[in-house]
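The values are calculated or read from the model by the stated rules, or taken from the named source; none is laboratory data. All values derive from a computational prediction rather than experimental measurement. In this analysis, Cβ positions are derived from the backbone assuming ideal geometry, glycine residues included, and neighbour counts consider all displayed protein chains. Ligands, DNA and RNA are excluded from the accessible area calculation, which covers all protein heavy atoms including side chains. Shrake-Rupley method; radii C 1.70, N 1.55, O 1.52, S 1.80 Å.
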Amino acid sequence: MALTAIAATSNTAQAAVSLDSNHVQVEAGDTYKSIAAANGISIAELEQANGREVGGFDLIFPGETITLPGATATTQATDTNTAATEAADTTAQTTDTTTQDTAQQTQATTQSAAQTQSTSTGTSQGTFKISFYDPAVLGSNMGYSGVAANLSVFPKGTTLKITLSDGTVLIRTVNDTGTFAYSNPNQLDVAMPNNQIPSYGVTTASVEVL
């Protein structure tokens, strides 16, 4: 049974004064029962919203502020919505990153495929020894359109058509050199993604200047 600090008869009891949509102020004669009834909620719900023991003695005083269950529910809903929004933002960022990585990989593969499928003819330079490397593995951002060569044989910017011994055609532009190429004028090191490098590794190819 709910008690009040000031005794009151049933004919003096009145509904607590509403402070806002979630709080009321106790008036003389109010009880948890009368406040619950006036707000269409159960006594147990009102007790829980105010940290009281359910079914216990609810001693209240005039002027005291009582929290209605709706205030707790609103706070929980707000927290839930905030968490959902943050989760959505994280998912969007992850999706953007994945999409960007996929686009870059697709661009590199498409570029490589276009160069491989080219059937242009040019001036024959004879047979060269061919090896392969992945610039990305070496920390380079030069991409896969290049080939390292002895620059005294093929200056930078020279476009080469490289026909491998198995018939595969690669179109590459000279953009680099190296100790191996400087020492071996008849060797080329072709840029290619690791997952596309032929299993046989080193081979020979006929080379043309386009």
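Checking the structure you have, find out if any residue of the range 106-116 is touching a strand residue (DSSP E or B) at 6+ places or on another chain (Cβ under 7 Å) and either at pLDDT 90 or above or open to solvent by less than 50 Å² (accessible area, probe 1.4 Å) (or both).
Yes: one or more hits.
Spot the failing condition for TYR182; the list is (1) at pLDDT 90 or above; (2) surrounded by fewer than 17 Cβ atoms within 10 Å (Cβ to Cβ), and only one is missed.
Of (1) at pLDDT 90 or above; (2) surrounded by fewer than 17 Cβ atoms within 10 Å (Cβ to Cβ), only one is false for TYR182: (1).
Across the range 29-58, which residue is least open to solvent (accessible area, probe 1.4 Å) among those that are within 19 Å of SER18 (Cα to Cα) and among the β-branched types (Val, Ile, Thr)?
ILE35
Picking from ASP189, ASP166, ASP176, which residue would you name as being open to solvent by 60 Å² or more (accessible area, probe 1.4 Å) and among the acidic types (Asp, Glu)?
The unique qualifying residue is ASP166.
Can you list the strands (runs of 3 or more DSSP E) lying wholly within the range 136-210 that have 1 or more residues being within 15 Å of GLN125 (Cα to Cα) and over 36 Å from the mean Cα position of the chain (by Cα)?
Hits in the range 136-210: 159-164, 169-176, 187-191, 203-209.
Give the number of residues within the range 46-56 that are touching a strand residue (DSSP E or B) at 6+ places or on another chain (Cβ under 6 Å) and part of a loop (DSSP other than H, G, I, E, B).
Adding up the residues that qualify gives 1.
In the range 59-76, which residue that is open to solvent by less than 50 Å² (accessible area, probe 1.4 Å) and among the small types (Gly, Ala, Ser) is modelled with the highest pLDDT?
GLY63
Please enumerate the residues belonging to the range 148-159 that are within 14 Å of PRO185 (Cβ to Cβ) and open to solvent by less than 50 Å² (accessible area, probe 1.4 Å).
Listed by number, the residues that qualify are ALA148, ALA149, ASN150, PHE154, THR158.
Starting from residues that are on the phi < 0 side of the Ramachandran plot and touching a helix residue (DSSP H, G or I) at 6+ places or on another chain (Cβ under 9 Å), keep the ones in the range 134-146 and report whichever is least open to solvent (accessible area, probe 1.4 Å).
ASP134
Quick check on the range 134-145. Is at least one of its residues under 13 Å from VAL209 (Cα atoms) and of a type outside the set (Lys, Arg)?
no
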